[in-house]
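The values are calculated or read from the model by the stated rules, or taken from the named source; none is laboratory data. Quick caveat, the model's predicted, so the values are computed rather than measured. Here the Cβ positions follow ideal geometry from the backbone for every residue, glycine too, while neighbour counts run over all protein chains shown. Quick note on the areas: whole protein, heavy atoms, side chains included, nothing else; ligands and nucleic acids left out. Shrake-Rupley method; radii C 1.70, N 1.55, O 1.52, S 1.80 Å.
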Amino acid sequence: MENQSIAKNLVYHRKLKGFSQEKLSETTGVTVRTIQRIEKGDVNPHLETIKLLADGLQIQTDDLLVLENPKEESLQMKWLLIMHGVPIIGLMIPFFNILVSIFLWIHKREDNAIYDRHGRAIINFQITVTLLYALSFVALLTVEGWGFLFFISVIPFSLIVMLTNIAYVLKAQKCFYPLAIPVFRNKRAIVTGIGILFFAFSITSCQNSTELGISRLDGSTITTDSLTSKINQLMTDAHVHGLAITIFDNNEISYQKAFGYANAETKDSLKLNDGFYGASFSKAVFGYLVAQLAEEGILDLNKPLQEYYEVSIPEIQFEKEWRGFHELEGDLRYEEITARMCMSHSTGFPNWRWVSRAGEFTPEGKLFIEFDPGTQYSYSGEGMFLLQYAIEHITGKGLEELARERIFDPLHMDMTSYLWQERFKNKYCNGHTKKGEIIPKDSADEAGAPGSMETTMPDYARFVQHILTLSKNKSKVTELMFEPNIEIHTKEQFGALSLEPSNEFDEVGLNYGLGWGLLQSPYGFGAFKEGHGDGFQHYSIIFPETGKGVVIMTNSDNGESIFKELLELTIKDVYTPWKWQNYIPYDYAGG
């Protein structure tokens, strides 16, 4: 081997000088035959001969000799095994795999060329695997399906490669690390490689600080993949046909997704932009409109509505006669009803004139006052209608026009309206009965503050996010909206038990603001609003002091049966009075 190296060096330097073998012989006195034999590697020349040749070529003797490196140790298998095996511990200790590989390489690279070569390969692979793991973690949190597969495959892949190379080293003192990025090609690349690595991790860390999971009221988190999986399971178990959900954290949307079907019969998947019948979410939007008018002095919340009219409320004429209040004639308590009472459900009216407070159908549809206004809580859409008419009379504008000017257009709620719009056609989901029967789409031909609104999840979430932001900024409007107006002490919100007094929910301080229910929690007050219609069940609650909240929309009469678990799962809301709301879980065993 040494002869061959001297031969190559001699040929190289001779040709570099432009000497022929004869010319070199004349210059050095070494015979042509000897030069030929040296260049063929047939002989091992004496040192004196090498010196003569070096002088003739005007180079150093060392340029022809292959000198042994006195520092180079004989290859020791234990060091190769340590270099290849110790990084496995990095699967449990972050960065250890890279740092220990670099340390061992720096310590042994000058002892033997094989240590140097193997060390670089190991470092390149460990950096690559670490970056892949970081990327897979981001994919796990952001990409449904294959993101999870990517995440769980990185560690087994790296472990198999490392174990395979340990066996390869034992057998042939060689290594092969697939997919490794050649970051450490030379000494200069060390600093660059480490810099790139830590920069990438600093970015990933920033992302992970917000994408690590959904932060909940009690400080716990849940990953998006876990949440998605559990929602799918809940819907399957409870036979909920379609659901859209938005979660807020720090006044921003942290999760928004649609599940199930827009129409279970045709198997059309529910999309986020599909329109929902908003039901009583209409009242929450109306509450914001009323608070705006009150803050601007256009409406006095405490002024009897009768004072805004030139005729008595029972004498007001309506295009649809059954909408009128003529049955109130003779009961002068209508003169006491204010906007605040209408928005906090304390007018004394039933929910609807054809349904009694006990939930019984009354086909005659007569409206009457069941208790002194302002003294009790009793949910009432009729009271909202009365206030709507008063506001339209005061402003000279219809509800849809006011909402469009003040809310829908400013917030870019383009797919939201109190009236059916042509643009909604073929962009909506159907409601479903408990048995999964399709409910034909009904479209509102008149704007109704209590419940005619069509909306989409992105639109309504934008509205709720706006309310959160206003509350964070101490807006006078949200202060009016969330001012407690009437304490609630009933067994349930609707039906016969709504007539039964109870202190069961005093712990959460049930109350009502302007179109929003209120409760108390260790994390500040909560503002909630439900929506209930044939085939559509919704719920929303926000905790403005934390910037957290959730909006749930379902197009299934089974939707309410998963609300309790969804609220705990998404934001750890255990304060919503689910029994009062009659949100009985699908698997509830009683108690």
Reduced to Cα centres, the span from the range 77-108 to the range 518-545 in Å works out to 54
The distance between the Cα centres of the range 402-455 and the range 112-162, in whole Å, is 49
With R₀ set to 56 angstrom, the calculated FRET efficiency between the beta-carbons of Ser153 and Asp55, to the nearest 0.05, is 0.30
Taking a crude spin-label model, label points 7 Å out from Cα along the C-beta direction, the Val43 to Ala172 distance in nm is 4.0
With label points set 7 Å from each Cα along the Cα-to-Cβ direction at Arg117 and Ile89, the distance between them in nm comes to 2.8
Rounded to the nearest 500, the 222 nm mean residue ellipticity computed for the chain from DSSP H runs (n ≥ 4, each -39500 (n - 2.57)) alone is -12500 deg cm²/dmol
Once the in-chain neighbours fewer than 8 apart are removed, the lysines whose Cα is under 23 Å from Lys171 read Lys78, Lys108
Once the in-chain neighbours fewer than 8 apart are removed, the lysines whose Cα is under 16 Å from Lys435 read Lys267
Asp300 and Asp62 label points (each 7 Å along its Cα→Cβ direction) are spaced in nm at 10.4
Between Tyr588 and Thr375, the FRET efficiency computed from the C-beta separation at R0 = 30 Å comes out, to the nearest 0.05, as 0.35
Computed on Cα atoms, the radius of gyration and Dmax of the chain in angstrom are 39.5, 140
1/(1 + (r/R0)^6) with r = Cβ-Cβ of Glu327 and Ser226, R0 = 41 Å, i.e. FRET efficiency to nearest 0.05, evaluates to 0.15
Taking 36-49, 415-428 and ranking on average Cβ neighbours within 10 Å, highest first, one gets 415-428, 36-49
Flagged as over-length at 31 Å C-alpha distance, from Lys425/Lys564; Lys320/Lys579; Lys548/Lys579; Lys271/Lys397; Lys320/Lys434, the pairs are Lys425/Lys564; Lys320/Lys579; Lys271/Lys397; Lys320/Lys434
Taking the dipole of the range 207-297 about the Cα centre (Lys, Arg +1; Asp, Glu -1; charges at Cβ), the one of His241, Leu293, Phe259 that reaches farthest to the positive side is His241
One finds the C-alpha centres of the range 1-42 and the range 219-241 to be spaced, in Å, by 80
Rounded to whole Å², per residue accessible area for the chain with a 1.4 Å probe reads 47
Highest mean packing first, using Cβ neighbours within 10 angstrom, the peptides 477-486, 313-322 sort as 477-486, 313-322
For 166-179, 497-510, ranked highest to lowest by mean beta-carbon neighbours within 10 Å, the order is 497-510, 166-179
Quick calc, the chain, dipole around Cα centre from Cβ unit charges on Lys, Arg (+) and Asp, Glu (-), nearest 20 debye, gives 4580
Residue separation between Glu568 and Ser269 times 0.36 nm, minus their alpha-carbon distance, gives in nm 105.0 nm
Restricting to lysines and to Cα separations under 29 Å from Lys23, and discarding same-chain partners fewer than 8 apart, the set is Lys8, Lys15, Lys40, Lys51
Residues of the range 569-591 with backbone N under 13 Å of the label point set 7 Å from the Cα of Ser502 along Cα→Cβ are 577-584, 591
